[in-house]
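Read the structure below first, then the notes.
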Amino acid sequence: MKIRRFIVAMLAVSITIAGLSGCSTKKAGGKSGDDGKGRYVEKEIELPLKENEEAVGLVKGEEKGAVLFALNQADSTYLAYHYDGNAFTEGDASWLTHAGQSKDRLIKVIRGEDGNLYALFSDSEGRSYVVKDAGDGSSQPIDIPALGMDSGEMYPYITNLCVDKEGNIFLADLLTGETAMYEQGTGEKIGSFVSGQSLNVAAMPMDVKDNKILLSGSEDGELFCYDTESGNELDKTVYADMDLGGIVKLGDSDDCIYADSKGLHHLTLGGSISEDLIGQNTSGFGAAQASIVDMVEAVKGEYTLLFSNQSISGSTTFKMYRYVYDKTAKAKPSQILTVYGLNESSAVRQAIAKFQEDHPDVGIEYKTGNVGEGTGTKADSIRALNTELLGGSGADILMLDGLPADSYIEKGVLADLGSLLKEIEKKSEIMDNIVGPYKKEGKIYQIPTRYGIPILAGSGDKTEIFKSADALTAYIAEHGWENVFEKTNKEAVMRLLLNMYYRDIINDKQQIDTKLLAKLIEAAGKVEESDDNLSFYGEAGGQEESDWDVGGAGSMAEDGSISAHEIKGVMGMMMPFHYLRKMGAVPADVNEIYTPHDIVGINKASKNIELAEEFVKVLLSEEIQSVDIEGGFPVNMPAMKAWIDDIDEEPGENAAEIGVSSSASATEDGERGEPVEDIIRLPSKSEVQSLAELGKKLVVPVQKDDIIGEMILDGAKTYFDGSRSAEEAAADIAEKADTYLSE
């Protein structure tokens with residue numbers, strides 16, 4: 001399977017100004033004031049882009065300020081807008097238009113350390129070209145023979161360009177992980193600096209200054225600095241929190257500025273600790289899937305960044321911000337609001353950024369369980385949280401996904417959100433079929449802010465066997481799993497059955513039905529495991545894998561096999577709906593089940609109840625819910641309408657697509673033909689609308705306690721490996737669950 005063009009589709013949230021919380025208050029190279037004031041602040045810059053124009057680059061001005069380059073898509077001409085720190089004035093970019101006449105795509109435009117403007121283009125065959133502003137409205141090509149084909153198979157994949165003060169060209173090749181140095185006059189290779197191969201096309205950040213080159217390493221969080229004359233390594237910087245898809249700029253001394261999805265950071269070369277000038281909780285960096293196009297230091301100690309966001313339909317929006325040190329701004333927020341969740345959530349990040357815009361003097365600390373990062377198990381995280389909550393402390397806001405929410409309600413940990421929900425519903429219609437099941441005796445202690453739609457795709461008669469746990473176990477006992485799921489394994493099927501029948505396995509009193517559980521464990525144990533355990537998406541994901549994802553997408557065919565999947569956004573519809581179209585089938589819901597996501601609750605012991613309620617309002621607002629972050633569909637009805645309105649009736653040429661290659665069927669003489677490629681595109685407006693209508697019919701939430709879920713899966717494995725009977729495994733699981741729930 002290969003990705004031809006895969007665009008993560010998002011809508012930008014408008015974030016205008018935010019402060020810095022929980023981060024260093026120092027100015028790069030300076031100190032915060034003794035009076036507790038001084039920090040970097042974010043200021044949005046209104047862009048001058050007109051209709052049909054999209055930003056393509058940002059470079060430092062010739063003398064001061066910055067230059068924004070744009071492409072007019074209607075006539076394929078380029079424009080330059082000079083920014084002096086206050087306003088834009090239109091300038092000339094005819095040299096780029098001249099170069100673009102024979103090239104397919106502009107990759108990057110820069111101002112070299114020698115003061116000249118350069119651009120990196122590629123053509124339709126993937127060959128890269130470097131050109132220079134000739135100063136007379138035309139472009140001067142820089143001949144670099146190495147950019148041609150060596151082996152006859154593939155051109156070098158150049159993703160980044162720098163030019164030093166002598167005019168030497170530095171080109172980063174994504175495929176080899178090498179940054180090569182070329183003499184501009186001859187095109188001869190005169191140096192080589194190896195960083196690391198990466199599959200992220202936005203990776204390989206680098207900068208050249210004063211005979212130094214700084215570039216990313218092969219491991220996460222590595223930056224290497226080399227002397228460009230000798231080739232010797234000068235420093236190695238290891239910054240564990242680095243996002244590889246960032247941009248780096250060398251400073252005047254042994255330091256650099258690094259911008260990534262987590263914010264704006266000042267690093268000392270050779271060190272390991274960053275000084276966070278701007279954090280993702282407090283700025284445009286927090287917008288889901290915002291991509292940094294470019295960064296310039298237009299004025300010493302002041303940074304201007306250009307961001308892009310691509311919508312579902314393929315259109316792109318841009319934001320530009322200045323980050324300026326304000327010595328009068330409070331260094332620390334007057335109040336702190338804490339948010340806790342087991343896992344990171346893009347929707348929560350979006351809400352935090354918007355909340356900070358409206359409450360610049362309130363700092364937000366967003367803490368997660370950090371599961372999988374060497375800080376303990378999920379059970380350890382939950383037990384530590386439980387100790388805090390039962391002791392009358394803990395986070396103000398709880399994202400309850402995977403947490404023992406029922407126990408929290410029983411023990412009086414959560415505040416009633418009934419009045420708050422009524423207030424929210426006065427402004428926006430909220431899906432009652434999704435939120436309503438959480439109302440108990442006129443009170444509601446948790447609100448799902450997004451939801452996933454589980455579906456079964458394939459033969460209609462096969463989907464019927466999942467209508468109840470008894471029907472499923474009876475069918476499997478007689479027929480086994482033949483032609484039900486392809487490309488799966490016992491554990492994946494056990495996870496799926498746990499999702500489907502969670503409310504049958506564990507009753508309202510948190511007691512486990514051991515007889516039913518044993519039958520389901522036995523059923524999962526009959527799965528014949530495939531060597532190729534691809535899920536619906538396989539290697540080309542539009543969203544993170546889910547426990548619902550079982551079966552290979554391409555295996556839904558004449559043999560009557562099916563696939564199960566949870567759809568959490570428009571991109572997530574691409575693969576399943578492609579194969580449903582091929583079969584002339586429609587998706588079937590799973591017993592009216594939905595999976596709640598980003599479930600929010602407020603700690604009853606919080607001293608910031610009013611602020612916490614304001615945060616919940618933001619999380620449920622149309623502005624935040626209108627962003628498709630592939631983390632679930634919105635419960636805000638106007639936001640869902642905005643999703644649908646952004647979809648073309650049929651996908652346009654700029655919309656996302658995935659190329660899927662598979663072996664052709666064998667012919668009668670046993671020979672196989674050429675591999676077959678399917679082009680999988682975005683769903684149409686009517687398909688998104690139909691899935692939204694299906695979502696309105698779902699009334700059964702499946703909200704698991706992750707610890708109990710893990711106990712069941714671990715216990716089932718003891719049956720799969722033959723060390724216990726299914727009945728013994730179920731009894732042991734029930735005993736452990738009782739002990740856990742009594743703690």
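Details
- The stretch 301-350-the stretch 101-158 distance, computed between alpha-carbon centres (Å): 33 Å
- Here the translational diffusion coefficient of the stretch 47-332 follows from Stokes-Einstein with Rh set to the Kirkwood radius across Cα pairs; for 20 °C and 1.002 mPa s it amounts to 110 µm²/s.
- Dipole magnitude for the stretch 60-122: about 260 debye, using +1 per Lys or Arg Cβ and -1 per Asp or Glu Cβ, origin at the Cα centre.
- Looking at the stretch 259-356, the GluC sites (Glu not before Pro) that sit in a DSSP loop and have at most 15 other Cβ atoms within 10 Å of their own Cβ are GLU344.
- Local net charge near ALA66, Cβ-Cβ under 12 Å (Lys/Arg +1, Asp/Glu -1): -2
- Cross-link partners of LYS717 among lysines (Cα-Cα below 23 Å; sequence separation of 8 or more within a chain): LYS378, LYS487, LYS490, LYS515, LYS519, LYS526, LYS704, LYS736
- Two-decimal log10 I(q)/I(0) for the stretch 372-513, as the Debye equation yields it once each C-alpha is a single scatterer, q = 0.15, 0.18, 0.19 Å⁻¹: -1.02, -1.19, -1.24
- Dividing the convex hull volume of the alpha-carbon atoms in the stretch 474-531 by its residue count gives 74 Å³ per residue.
- The stretch 377-405-the stretch 439-505 distance, computed between alpha-carbon centres (Å): 28 Å
Since every read-out is calculated from the coordinates, none of them should be taken as a lab result. These figures come from a predicted structure and were not determined experimentally. With ideal geometry, Cβ positions are generated from the backbone for all residues, glycine too; neighbour counts draw on all protein chains shown.
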